[in-house]
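To start, the structure itself, in C-alpha cells.
Taken together, the values in this text are just the output of simple stated rules run on the coordinates, not laboratory data. What you see is a predicted model; the values in this text were computed from it and never measured. Every residue, glycine as well, gets a Cβ built from its backbone with ideal geometry; the counts of neighbours run over all protein chains shown.
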Amino acid sequence: MSMPETLASGAAAPGALTPSQQRILVCLYHHRLLNTRQIYELVADIAANRRGVRMRIAEMRERGLIEGVRVAGEPRLMAWFTTALGAELVEAADAVPPRSYRVTAQTAAGPLQGHTLAVNDVGTAFVSHAARLADAGYECSPLDWVPEVAHRISDQSGGQMLVADAVIRAVVPRRSKRVLVRAFLELDRATMSVERLAEKLNAYSRYHGYTPGAGSPGRTVINIRPAWQYLYPAWPKIMFVLAQPFGRRAQLAARLQDLAMLTQRAVQSGSLDQGLVVTACIFEDLIEAGPFAPIHTDLITGETDMRLFADAPNLGR
C-alpha cells in the first residue's frame, strides 16, 4: 500500500503540511495511537533526524491536528492520536479507508493503551526490518497493517465476530520472485489464561469454514465460497506474539509451550480446522531480530526456529 502524497489543508488548519507531517497524520488516523518512538520508525525514510520529527509533531499539536498523553510506565514518552480536526483532514483527502472510531485523551490514556501500542510495536517492527532488508526484496509500508479487523463468523443477526488484533501484509522474496503475504496478529500480554487464548483459535477455525448463507433455513441464494476468500487471496497465517510486561523470558517460553499443547490437542480432537497454520513467537525476539527471522514456533507441528513466510506461495502483487 503506497503512502498518500498530499493532504490538502482546510481553512481550520491553514498552511501546508510537510511530507513527514502528512505521513504522521495519516498513520495516527490509521493506527489510532502511536508513541514517539514508533513515529520515528515510520517516517525514518523521509525525515532528516529525530529532532526534526519532534519539531514537526510539536507544530501539528499547536495547530490542533494531533494530541498526546503520557505512556503509562514511561513518563518521558508520549503517545499521539489525531484530533477531530486531524481526522477530518485525513478523511477529506481520502488518504485511507475512513474509520468511525475516534480516539480521545481519555481512551488514549486508558487501560487499552498498552495493548494498542504493543500491537503497533509489532507493525512497526515489520516496517523497520523490511526496510533494512529491502535490497533482498522485503517490503512493508507504514500502512500495511490494519488494527482491529472484524470478520463475521455467523449468519445470525448480531452474531459472533472474530476480531483480529491486526491484519499485517508484507512482500517477501521467494526464490526469484517477490510474494505478497498476510498474517492475522494475536498479541498476548498475559492478561488472560492460556486456555482462553487458545479458544480464539476456535473462532479462526469457524471463520475458515464459514460460508455465508450455507445451511440457513429460508435462504434461497447462498455464497459458494467461504467468506474469507472475498477478502484474502490466500488464508493468512495466524501469528501469536507473546509479551508480558516486566515478565521473565522463562515464563513466556512456558506459556508458548502450553499454547502449543492446547493447539495440538484441538487438532487431535478435530475441533481445529486442518487448513490453519498457527505460529507463536516471543515479543522481544520479534522486536530485536525482526518478524522475518527464524524466531517462530509452529503450534501444530511443534517445529521451532521457523521463518514465518518460508512456504509462501506466489500470489503476485
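The table that follows gives values for the structure above.
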read-out	value
Residue-averaged 222 nm ellipticity for the chain, from DSSP H runs of 4+ at -39500 (n - 2.57), nearest 500	-11000 deg cm²/dmol
With Cα atoms, 0 to 90° folded angle of helix 194-209 axis to the chain main axis	80
Contact order normalised by residue count of the range 115-298, Cα under 8 Å, 6+ apart, percent	20
Cα gyration tensor category, rounded, prolate or oblate, for the range 19-110 with a/c compared to 1.5	oblate
Cα lying deepest toward the dipole's positive end in the chain, options PRO173, ALA198, ALA243, charges on Cβ	PRO173
Surrounding net charge for MET60, when Lys and Arg each add one and Asp and Glu each subtract one, Cβ distance under 12 Å	+2
Linear extension gain, LEU85 paired with ALA254, 0.36 nm per residue minus alpha-carbon span	56.2 nm
Sequence ranges 195-204, 71-80, ranked by mean other-Cβ count within 10 angstrom, highest first	195-204, 71-80
Beta bridges by DSSP in the range 115-298, antiparallel share as percent, to the nearest 5	65
Cut-off 12 Å between beta-carbons: net charge of the residues surrounding LEU231, Lys and Arg +1, Asp and Glu -1	+4
THR301-ALA136 FRET efficiency (beta carbon distance; Förster radius 25 Å; 0.05 resolution)	0.40
Rounded Å value of the spacing that divides the Cα centres of the range 160-212 and the range 129-149	17
